[in-house]
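Where a number appears in this text, it was derived from the coordinates with a stated rule and is not lab data. Since we're looking at a predicted model, the values are computed, not measured. Positions of Cβ are backbone-derived with ideal geometry, glycine not excepted, and every protein chain shown enters the neighbour counts.
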Amino acid sequence: MVIFPFILLLDQRYKEDKYLLNHENIHIKQAAEMLVVPFYIWYAIEFLMRYLQYRKFRQAYLNISFEREAYRNEQNLHYLKNRKLWAFRKYF
């Protein structure tokens with residue numbers, strides 16, 4: 001989980017998971033480019049929209065544009081070097 005600018009891990013073993021860390025660093029980049037507070041507001045509003053759409057918590061979460069970008073690119077460890085500004089919009 002990201003609470004800007006920190007990545008919070010439930011277990012120290014997750015420090016070794018390069019894909020999880022890349023996923024969370026994508027969220028750090030998203031939050032930074034949106035000046036943090038608007039990121040969390042947008043995230044919450046989009047989650048509510050997706051929840052109304054799908055009526056399932058997990059499906060709503062997985063369809064948030066920020067999560068879609070992060071999940072689709074977490075295994076590309078060079079993604080953040082080439083990522084365009086506001087790239088999450090492509091996943092909305």
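Just need a number here: residues in region 1-44 that are out of contact with any helix residue (DSSP H, G or I) (no Cβ under 7 Å at 6 or more places or on another chain) and part of a strand (DSSP E or B).
The qualifying residues number 2.
Looking only at region 70-92, how many residues end up being of a type outside the set (S, T, N, Q) and either assigned to a helix (DSSP H, G or I) or surrounded by 16 or more Cβ atoms within 10 Å (Cβ to Cβ) (or both)?
To start, the set of residues in region 70-92 that are of a type outside the set (S, T, N, Q) comprises 70-72, 74, 77-81, 83-92.
Filter once more, so that each one left must be either assigned to a helix (DSSP H, G or I) or surrounded by 16 or more Cβ atoms within 10 Å (Cβ to Cβ) (or both): 70-72, 74, 79-81, 83, 87-91.
Count: 13.
Exactly one of (1) surrounded by 14 or more Cβ atoms within 10 Å (Cβ to Cβ); (2) aliphatic (A, V, I, L, M); (3) under 28 Å from Glu16 (Cβ atoms) is unmet by Ala60. Its number?
(3)
Does region 45-52 contain any residue that is hydroxyl-bearing (Ser, Thr, Tyr) and touching a residue at least 12 places away in the same chain (Cβ under 8 Å)? Spell out the reasoning first.
Within region 45-52, the first condition is being hydroxyl-bearing (Ser, Thr, Tyr), and the residues that meet it are 51.
If we keep only those that are touching a residue at least 12 places away in the same chain (Cβ under 8 Å) too, we end up with none.
No, because not a single residue in region 45-52 is hydroxyl-bearing (Ser, Thr, Tyr) and touching a residue at least 12 places away in the same chain (Cβ under 8 Å).
Do we have any residue at all in region 54-69 that's in contact (Cβ under 8 Å) with a residue 40 or more places away in the chain, outside any helix (DSSP H, G or I), at negative phi and more than 13 Å from the chain's Cα centre (by Cα)?
Checking region 54-69: not a single residue is in contact (Cβ under 8 Å) with a residue 40 or more places away in the chain, outside any helix (DSSP H, G or I), at negative phi and more than 13 Å from the chain's Cα centre (by Cα).
Looking only at region 74-92, which residues are basic (Lys, Arg) and more than 24 Å from Gln53 (Cα to Cα)?
Our first condition is that a residue be basic (Lys, Arg); within region 74-92, this holds for 81, 83-84, 89-90.
Listed by number, the residues that qualify are Lys81, Arg83, Lys84.
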